[in-house]
Amino acid sequence: MRNHPQSQPNFKPTPPSLAWFPDLVAEVWILSLGQLFLFIGQGFTLVYASIYFVNQLGFSPAQVGFALGCSGISGTIGRFFAGTLVETPGIGRRGTLIASSVVSAIACFVLSISATLPLLILGNVLLGIGISFYWPATLTLTTDLTSIHQRTEAFALTRLADNLGLGVGAFLAGQYIAMSGNFRLLFVCKGVAYLLFGLIIALTIAETLSPNDRPSTDTQNIDPDHPANRHTLWLKWKSALSDRTFLPYLLANLFFTTYVAQLSSTLPLYLANFVPEGNTDTGFSEQWISYFFVWHAALKIVLQLPLVHCWIQAINHVTVLLSALLFWAAGFVCVWITGAISTHAVIVAILSFTIIAIAEVLYAPASTAIVSDIAPVELRGFYFSLDSECWAIGFLIGPAIGGWALGHTATGSYIWLGLALSAIVTTVLLFVLKRRLFQAHQVGKTAIMGLDA
């Protein structure tokens, strides 16, 4: 069985020419390569799913919002199972990732033939389950493979692969749609990308669940239906859910993930149908929208590693999240202005995507690093599962709110101002988190001083 990489951290100096590239074990780079393929597929439909279902198939924005919300419901349930699977002998991180790729691929193939609301809902339910398995497993696996000093950069590399894949996928999809107008094939390609990801994991990544983190190997503890084992699982969930330092982070992260959800569900439809000064009668064409998202992804690709290396690692993670929140609020205000002004809508749209890209670059590695710092080793799967629950709930709330708002033309554009104002609540939660982290640090220092004495 593989030893924990935490006990063998790699501190070899990085050549000056590669100063921005983290010095990580090969498995982390391979995992990122697999994620690159996965997110190329994700990029195929990121911009166009809501536009396709509303403008091509004739579903209402509210129906599409409801179907996407069903993905959030199934994802919320699935993440509780994911937390248990990630910590289960015989399945672990690797098995959970492979299961994620297979279920997600099936979901994409269902969406490719969706012409009725029940099929649209089924595809989104399956996709929610597949994605719910993905994030807890990949974040726990990345944490296992890195030392505490490497994790922020490792999570940044993960996000770099995500963003590069999304940008490439969105660009290729935009050009393909401009030439053929065939949306269905994009979902098929997305499913194939998920299967490629699963194949890479199956062939190259070994299980990292340590024997020290597993329950004992007697028959009673291996049996998941044994009452004693169910009791142990419940105690682990209860321990994570009652962590007073972790709870304010979870509440704040619900707002962040709701913001992220607007990019793939509400924003493309808003740009297509609610911007009078776009290049079409109602807004921007799919091709132009793809350019905005490619610019957005390119900025994140260029800025992710330099910002982490030069700045994010050097300051408090909660302060980074507060900075990200400021950029999110400013970006949402600019999105609202895009639909409200009579000239230069393209310039303001590009500015909106620029500001939001910076917000995401700051948010992603800092938020994940906070979870890895708070979570006890034996409960990592459960903590990352709860962190991932924020994404499920955010993608449940976000599309539903956005679909409802855009379904009411008179008030649809004001959703962006509402999101900007919600940053006030998120700020309060982050200050509570900062205070509790400081108190926990002080308690830890006191305990160490007591041992030294």
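The values are calculated or read from the model by the stated rules, or taken from the named source; none is laboratory data. Nothing here was measured: the structure is a model prediction, and the numbers come from that model. No Cβ is skipped: glycine too gets one built from the backbone with ideal geometry, and neighbour counts run over all protein chains shown. Calculation scope for accessible area: heavy atoms of the full protein, side chains included, ligands and nucleic acids excluded. Shrake-Rupley method; radii C 1.70, N 1.55, O 1.52, S 1.80 Å.
Structure above, values below:
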quantity: Residue order for Arg79, Arg435 - accessible surface, 1.4 angstrom probe, largest first; calculated: Arg435, Arg79
quantity: Residue-count net charge about Gly72 - beta-carbon cut-off 13 Å; Lys, Arg +1, Asp, Glu -1; calculated: 0
quantity: Cα convex hull of the range 229-269 - mean projected area over all directions, nm²; calculated: 3.9 nm²
quantity: Label-point separation in nm, Ile347 to Gln56, each point 7 Å along Cα→Cβ; calculated: 3.4 nm
quantity: Area of His296 that stays accessible when all protein chains are in place (1.4 Å probe, Å², to 10); calculated: 10 Å²
quantity: Simple label model, 7 Å out from Cα along Cβ direction - Asn182 to Ala340, nm; calculated: 4.3 nm
quantity: Förster radius 30 Å - calculated FRET efficiency between Lys238 and Val428, Cβ distance, rounded to 0.05; calculated: 0.70
quantity: Calculated Rg and Dmax of the range 254-406 using C-alpha coordinates, Å; calculated: 16.9, 56
quantity: Protection-proxy order for peptides 151-164, 52-65, each taking the mean of Cβ atoms within 10 Å per residue, highest first; calculated: 151-164, 52-65
quantity: Rg/Rg_globular for the range 52-100, with Rg_globular taken as 2.2 N^0.38 Å and Rg from C-alpha atoms; calculated: 1.65
quantity: Cα-Cα separations in the range 243-305 greater than 12 Å, expressed as whole percent; calculated: 74 percent
quantity: In Å², nearest 10: area of Trp404 left accessible to a 1.4 Å probe; calculated: 150 Å²
quantity: Coordinate range along principal axes, alpha carbons of the range 94-201, Å, largest first; calculated: 48, 29, 22
quantity: Theoretical FRET efficiency, 1/(1+(r/R0)^6), r = Cβ-Cβ of Gln287 and Asp373, R0 56 Å, to 0.05; calculated: 0.85
quantity: Net charge of neighbours whose Cβ lies under 9 Å from the Cβ of Lys300, counting Lys and Arg as +1 and Asp and Glu as -1; calculated: -1
quantity: Cβ-defined net charge surrounding Gly339, 15 Å radius [Lys, Arg +1; Asp, Glu -1]; calculated: -2
quantity: Förster radius 30 Å - calculated FRET efficiency between Leu199 and Ile113, Cβ distance, rounded to 0.05; calculated: 0.80
quantity: Share of carbon and sulfur in the accessible heavy-atom surface of the range 289-357 [1.4 Å probe, %]; calculated: 79 percent
quantity: Radius of gyration and maximum dimension Dmax of the range 318-363, Cα, Å; calculated: 11.3, 38
quantity: Area accessible to solvent at Phe384, 1.4 Å probe radius, in Å²; calculated: 0 Å²
quantity: Convex hull of Cα atoms in the range 285-367, direction-averaged projection (nm²); calculated: 5.5 nm²
